[in-house]
């Protein structure tokens, strides 16, 4: 899925696509299908002093996220939240299937509604 001025958006999970300059979703390759539901890739470049608030719906799944700031594991969420984007940036996230979370050594209940850093410098 690509969201942007010249794209036909797939609205699943994106509340305000016009606020996110670029959002792309890729199916997981067959070799990862049992562990990763899909990859999502946002990129943004906002003018000085501008903020783009991204509303995030609760979803009972976890994401492994690689960004310029590091690698993190975001647990399943039980309430709506938001993330404010500023300046320019990018991320590559993987919506994980339950089997993937356990293979990373985490119990969904222990990381629910939180994000924990992951020591994975090779992913950067």
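Considering segment 49-124, the qualifying strands (runs of 3 or more DSSP E), each wholly inside and each with 2 or more residues that are surrounded by 18 or more Cβ atoms within 10 Å (Cβ to Cβ), run over 62-67, 70-74, 88-96.
Of all the listed residues (74, 67), the sole one being more than 19 Å from residue 35 (Cα to Cα) and under 12 Å from the mean Cα position of the chain (by Cα) is 67. Being closer than 16 Å to residue 120 by Cα and either without any contact (Cβ under 8 Å) to a residue 24 or more places away in the chain or in contact with a strand residue (DSSP E or B) (Cβ under 7 Å, 6 or more places away or on another chain) (or both) is the filter here, so list the residues in segment 96-110 that pass it. If the condition is that a residue be closer than 16 Å to residue 120 by Cα and either without any contact (Cβ under 8 Å) to a residue 24 or more places away in the chain or in contact with a strand residue (DSSP E or B) (Cβ under 7 Å, 6 or more places away or on another chain) (or both), then 100, 101, 104, 105, 106 are the ones that fit.
Each value in this text was obtained by applying a stated rule to the coordinates, not by laboratory testing. Bear in mind that the values here come from a model prediction, so they are computed numbers and not experimental data. Neighbour counts are summed over all protein chains in view; Cβ atoms, including those assigned to glycine, are modelled from backbone coordinates with ideal geometry.
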